[in-house]
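Written out below as structure tokens is the structure these notes cover.
The values are calculated or read from the model by the stated rules, or taken from the named source; none is laboratory data. Keep in mind that what you see is a predicted model, and the values were worked out from it rather than measured. Note: ideal-geometry Cβ built from the backbone for every residue, glycine included; neighbour counts use all protein chains shown. Ligands, DNA and RNA are stripped out before the accessible areas are found, and what is left, the full protein with its side chains, is counted by its heavy atoms. Shrake-Rupley method; radii C 1.70, N 1.55, O 1.52, S 1.80 Å.
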Amino acid sequence: MPAAAGSADGRSARWQSHREERRRELIKSARRAVHALGSDASMEEIAAAAGTSKSVFYRYFGDKAGLQQAVGEVVLSQMQRRMREAVQSAQTPREGLLAMVSAYLQMAETSPNVYTFVTRYSAGEADSPQRSAAISGALGHFFDAIGDMIATPMRAHLGDGKEAVIGYWPTAAIGLVRNAGEQWLSTPASPAKPDQEAMARQITAWLCVGIAPELDPSGPR
């Protein structure tokens, strides 16, 4: 390879490495800004908190939807890893579900602003094709992975012939966990609001036995 070509390749690799490092720094800065300012923080506010200009964020992420997707990929990957670690010590499928639900609620509760930022439409962007792509991308991969995590112990526990259940139930379970968890997350603190541990156990009970105990007239009052 000619020396000039090798030098050009080296400069290109260094530039790409620098760009990737700068992008990671901007994602971290954006995450800190959203945590402090709220999920509706504008690109200008996020850039100011990061000590740079919004044109820099636009250059790296295209628009706010692109930034939401980039932050979402990082946050949801961390949540997925935490949930996978939590379930490894579980002895039964129910313990595994409780571990995953607990990890999910803990991560979301750590920064509700960031969680909302990566899972909700921004004002004026509900019809944005880019935002739709962000949701179907980062969120889709996240919940697909969680569905697989739920299905694997179920398949081992239930054995053959239960694919009809295994094929549908994890998706239904994810819907229950996400919707109940997000409602809990957005509910103002009060004596009636369960703490994180109690909410995780309640959601797990709904997943495993439903509300049948509440409907049984001979059950607890």
Might you check whether a residue that is at pLDDT below 80, open to solvent by 20 Å² or more (accessible area, probe 1.4 Å) and of a type in the set (D, E, K, R) occurs anywhere in the stretch 195-213? no
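Confirm whether Ile150 is part of a helix (DSSP H, G or I), modelled with pLDDT of 75 or more and crowded, with 17+ Cβ neighbours inside 10 Å.
Considered against the rule, which asks whether it is part of a helix (DSSP H, G or I), modelled with pLDDT of 75 or more and crowded, with 17+ Cβ neighbours inside 10 Å, Ile150 comes out as yes.
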Every residue from the stretch 98-111 that is touching a residue at least 40 places away in the same chain (Cβ under 8 Å) and open to solvent by 50 Å² or more (accessible area, probe 1.4 Å): Gln106, Glu109
Listed by first then second residue, the pairs whose first member lies in the stretch 141-163 and is free of Cβ contacts under 8 Å to residues at least 12 places away in the same chain, whose partner is open to solvent by less than 90 Å² (accessible area, probe 1.4 Å), with beta carbons under 7 Å and at least 6 positions apart or on separate chains, are Arg155/Ile166; Leu158/Val165; Leu158/Ile166
Name the pairs whose Cβ atoms lie under 8 Å apart, with the first residue in the stretch 185-196 and without any contact (Cβ under 8 Å) to a residue 24 or more places away in the chain and more than 22 Å from Arg120 (Cα to Cα), the second among the hydroxyl-bearing types (Ser, Thr, Tyr) and surrounded by 10 or more Cβ atoms within 10 Å (Cβ to Cβ), and 6 or more positions between them or separate chains? Lys193/Thr187
Taking the stretch 40-57 and keeping only residues that are within 18 Å of Lys28 (Cβ to Cβ), assigned to a helix (DSSP H, G or I) and not acidic (Asp, Glu), one is left with Met43, Ile46, Ala47, Ala48, Ala49, Ala50, Lys54, Val56, Phe57
With (1) surrounded by 15 or more Cβ atoms within 10 Å (Cβ to Cβ); (2) small (Gly, Ala, Ser); (3) modelled with pLDDT under 85; (4) under 22 Å from Asn179 (Cβ atoms) as the list, and Ser128 as the residue in question, which single condition is left unmet? (4)
Tell me the residue from Arg31, Arg94, Arg84 that is at pLDDT 95 or above and surrounded by 14 or more Cβ atoms within 10 Å (Cβ to Cβ), please. Arg31
